[in-house]
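As structure tokens, the structure follows; a few thoughts come after it.
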Amino acid sequence: MNRRHALALLAATALTACTPPAPSALGPDGKPLPRLYRITESDARRIPFRVLDAVNALRQGAGVPALELNPVLTAAAATHARDISIQNRPWHFGSDGSSPIDRARSVGYTGTVLGETLSETYESELETVAAWMQEEGPRAVILDPDARQLGFAFFQEPNGKIWWVLNTGFGGSSEIPDAPAS
């Protein structure tokens, strides 16, 4: 009986050595392969606040004042996130030729728009902020000492691609104006 168990154990061990290895979680460059970041409804409500916390931590480290989330700048960012998805390219011009200033004004932002940074990625919001901090232009927008307000939004396509838009400004109202009566 012991001999049969030993042979069965030996056969099982030999078979497991023949099974293919689990797929590697590393790419050919040795870095981890990206995972699809699917945004849930619950995450969607929390994301702007996670970004605000991350940005303010970075700003505190740089010795510049904290930002507050501004719903009017966020509305401008949301409009642009969807628009650049339709255009299929991350750039600062709207499909109608609008600039970040034009978009902010069109939703009723009364302050001064200081900057905009954007990204087309499959990465999370925190990975995106970290990537922005590696680039001179986006880092300057995030750490602008004159900025006091933040607008942040995204649009996720069905395939998982995410279009992130971050706007900074100062002096604007946080009240979204009523739509004009028709």
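The values are calculated or read from the model by the stated rules, or taken from the named source; none is laboratory data. Worth saying up front: this structure is predicted, and the values here are computed from it rather than measured. Cβ sites come from the backbone with ideal geometry, for glycine too, and all protein chains shown count toward neighbours. SASA here: full protein model, heavy atoms, side chains in, ligands and nucleic acids out. Shrake-Rupley method; radii C 1.70, N 1.55, O 1.52, S 1.80 Å.
A protection proxy built from the mean count of other Cβ atoms within 10 Å ranks the segments 38-46, 96-104, 56-64, 114-122, most packed first, as 114-122, 96-104, 56-64, 38-46.
Applying D = kT/(6 pi eta Rh) to region 41-170, where Rh is the Kirkwood radius over alpha-carbon pairs, T corresponds to 37 °C and eta to 0.692 mPa s, the Stokes-Einstein value obtained is 228 µm²/s. In this Cβ point-charge picture (+1 for Lys and Arg, -1 for Asp and Glu), region 41-170 has a dipole of about 220 debye about its Cα centre. May I ask you to give the percent of accessible area on region 57-148 that is carbon plus sulfur, with a probe radius of 1.4 Å? The nonpolar share, carbon plus sulfur, comes to 52 percent.
Each peptide in 70-76, 107-113 gets a packing score, the mean of other Cβ atoms within 10 Å over its residues, and the list from highest to lowest is 70-76, 107-113.
Taking all Cα pairs closer than 8 Å and separated by 6 or more residues, the relative contact order of region 41-170 comes to 36 percent.
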